[in-house]
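So the structure is just underneath, and the comments pick up after that.
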Amino acid sequence: MNGTDYTVIVIYLAAMVGLGFALRKQSSERSFFLGDGSLGWFPLALSTMATQLSAISFVSAPAFVGIREGGGLKWLTYEFAVPLAMVFVMFVIAPALYRAKVVSIYEYLQTRFGWSTRMLISLCFQVVRSFSTGIMIYAPALILEAVLQIPTWASILAVGLIALTYSSVGGMEAVVYSDSIQMGLIFVGLLVAGAFALDALGGVEGLMARVDPARLVAVDAGSFGFDGDAFGLLPMVFGGFVLYASYYGCDQTQAQRVLSASSMASARRLLFTNGLLRFPLVLLYCTVGLLVGTALTQFPDSMARIPPDRPDFMMPIFIVDHLPHGVIGLLIVAILSAAMSSVSSGMNSLAAVTLEDLRSVGWGPKSRSGELAYARGLSVAWGVVMVVLSFYAGSIAPTVIEAINKVGSALYGPVLGVFMVGILSSRRSEAAANLGLLSGLALNLYFWLFVPSLFWMWWNFIGLGVTLAVTLLATAMLGPSARADAEGIEPRDRISGSPAFRPLVVVLLGAFVAMVTVSWLIPGAALGRGG
């Protein structure tokens, strides 16, 4: 890197801070966490995608496709269930949460079950989200140090403190608009890296002549995930549906976008846009991974710099070795952008949940004038926690990244089960919900520890089924709690949808079919062209 690259990076970081201060005029807790419900669906949709696409995704997914042993385009199967999950969130979960007018979605559980159910799931969210976000800061910092000699501490402070500043000052509006800018930078960065890799290969024909055919296989209908195999069609669809329905509907980080929409119609549009555009974006970074991984086979010196056990170095090494100055700075900015989008969203959502939890036990601001100070203070506090956690991630980061994915799959099914009972059932029991949640989680932990042959994507589906079964059975045995429905909203009202939105459902179902079909046909089409 030279002065031009560092200038690009400094200008970007300064712009993010400036954006936060430009959007600092909040008047209340609700405006800080939800933007007063005035945010448009398109920037919210971009923010939703940017939060999901962390720096780990920007670096690791292309490496998985391009050079990681056993990798390839099977990464695309992670996306198959997204359109199906979006339909469920659009018409079942999102309307219930939006109409409840809550800031923390776990507050909704208290109105449906009780305080202990709310705190149980809220605590799970806060522990997992703060820990995983700390790792999302550390992982790219480690790579930048190894490849660019940028000290790890410098990258951690740059990402953590800049995101902390604009998020704590500008609130949800700063998070959403900065995420939208960062989404654009990620997209441009991928296009630039792909274009240089394709040029190094001599065009598409050069790629087809050199690519490993095994890396072109995306769909494996014969793998069921019961015998130590993974990435099969069925576990990725069934497990993925539960994972994404829970993540986008029952995780504060993503559900807060729905609550920030100007109307339920806007909320549905942002979910629809996410369900439609995620796959093309993932296909783009998988294609870039294939291009870069294949191109690096022509450069033994660069390949030798990638440790056999650290394929994630692929993208940064290609950027530094084969791209011009200025462009290097732009792509480092893209990596930092991906990290910041995860950090800022995590800070804001954690602060929102913590403040509402404090209110539930009689703590927190006593007047409207103190709300904003508490909101900003908690946002700063969580930002500091995540930066500190990232400094201590060192020796355990490579295994923790995988562990975080497994923790998510252990939790997401049971959490979705509790929300589904709260939304769809008129017979609810606080004790039964807690028992159902803990039963689903306990079984998934048993699978993790003692049944390694079961692909962890199945944990989502199994955890959901067990939680629903135990909760409903225990409710029948114990009897429902004597609690009134929150705000008079009946379950049947929550799943009704305007006929105007039915075409969106048809399009998303069609997108699911198209995604599977395109992924299935990629090997034949590519090899046919190569031959």
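The values are calculated or read from the model by the stated rules, or taken from the named source; none is laboratory data. Keep in mind that what you see is a predicted model, and the values were worked out from it rather than measured. Reconstructed Cβ throughout: ideal geometry from the backbone, glycine too, with neighbour counts over all protein chains shown. Just the protein is used for accessible areas: all its heavy atoms, side chains included, with ligands, DNA and RNA removed. Shrake-Rupley method; radii C 1.70, N 1.55, O 1.52, S 1.80 Å.
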- Item | Where the Cα pairs of the range 86-152 fall when distances are cut into 5 Å bins, in % | 3, 15, 14, 14, 15, 11, 8, 8, 8, 5, 1
- Query: At 4 °C and 1.567 mPa s, what whole-number value in µm²/s does Stokes-Einstein give for the translational diffusion of the range 209-355, with Rh from the Kirkwood sum over Cα pairs?
  - Reply: 68 µm²/s
- Along each of the three principal axes of the Cα atoms of the chain, give the extent in whole Å, ordering the values from largest to smallest. 70, 52, 47
- Message: Could you tell me the extents of the range 196-276's C-alpha atoms along the three principal axes, largest first, rounded to whole Å?
- Response: 51, 40, 18
- Item | Accessible heavy-atom area order of Val470, Val507, highest first, probe of 1.4 Å | Val507, Val470
- Item | Estimated Rh, the range 69-227: Kirkwood, alpha-carbon pairs, angstrom | 20.7 Å
- Query: Which of the peptides 240-253, 79-92, 213-226 is most tightly packed, and how do the rest follow, judged by the mean count of other Cβ atoms within 10 Å per residue?
  - Reply: 240-253, 79-92, 213-226
- In deg cm²/dmol and to the nearest 500, what is the mean residue ellipticity at 222 nm of the chain if only DSSP H runs of at least 4 residues count, each as -39500 (n - 2.57), divided by the residue total? -25500 deg cm²/dmol
- Query: What is the helix-to-structure angle for 457-478, meaning the angle in degrees between its Cα long axis and the longest Cα principal axis of the chain, kept from 0 to 90 and rounded to the nearest 10?
  - Reply: 0 degrees
- Label-reachable residues, the range 438-474, where backbone N falls under 12 Å from a point 7 Å from Phe224's Cα toward its Cβ: none
- Query: For labels at Gln298 and Glu205 in the simple 7 Å Cα→Cβ model, what's the distance in nm?
  - Reply: 1.3 nm
- Using Cα atoms only, what is the angle between the long axis of helix 327-360 and the major principal axis of the chain, expressed in degrees (0 to 90) to the nearest 10? 10 degrees
- Using only Cα atoms, find the angle between the long axis of helix 264-296 and the longest principal axis of the chain, and express it within 0 to 90 degrees, rounded to the nearest 10. 30 degrees
- What accessible area, in Å² to the nearest ten, does a 1.4 Å probe give for Phe455? 10 Å²
- Message: As a test question: what accessible area, to the nearest 10 Å², does Asp229 have when a 1.4 Å probe is rolled over all protein chains in place?
- Response: 50 Å²
